[in-house]
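J.: Would you mind keeping the following structure in view while I ask a few things?
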Amino acid sequence: MHMHIVGAVLHGTILAVIGYALLFSATRTAGITALIGRLLGIWLFILAILGIVAAVTAPMFGGKPFGIDMGPPMHHWDLPGDHAPPPSHTPPPPSAP
């Protein structure tokens with residue numbers, strides 16, 4: 001559990017530093033470039049915060065961030081007609097004497 005929090009904090013720190021750099025460089029530009037820089041910087045701060053919150057709250061949801069299954073879907077997505085029916089194991093009829 002603690003390693004997930006440490007990893008999330010490290011990733012969040014990297015995202016926050018990149019977001020800060022984007023916000024700082026957006027103040028040096030004008031027009032659409034400044035708008036895109038501000039939006040990307042804010043978006044990176046939001047992702048950093050959500051990543052840390054997901055790692056901290058994962059134990060409350062059974063180890064899943066926000067209670068979401070992050071693994072690949074198994075058999076619960078299969079439709080009933082997707083598979084062939086199992087072979088029948090009926091005994092052969094008795095032979096006539």
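Values in this text are rule-based calculations from the coordinates and carry no lab data. Please read all numbers here as calculations on a predicted model, not as lab measurements. Cβ atoms come from the backbone with ideal geometry, glycine included; neighbour counts cover every protein chain shown.
J.: At a Förster distance of 41 Å, what's the computed FRET efficiency of Met60 paired with Arg38, Cβ-Cβ distance as r, to 0.05?
T.: The computed FRET efficiency comes out at 0.75.
J.: Compute the normalised compactness of the stretch 1-54: alpha-carbon radius of gyration over 2.2 N^0.38 Å, N being the residue count.
T.: Ratio of Rg to 2.2 N^0.38 Å for the stretch 1-54: 1.29.
J.: Going by average Cβ density within 10 Å per residue, which order do the peptides 20-30, 51-61 take, highest to lowest?
T.: 51-61, 20-30
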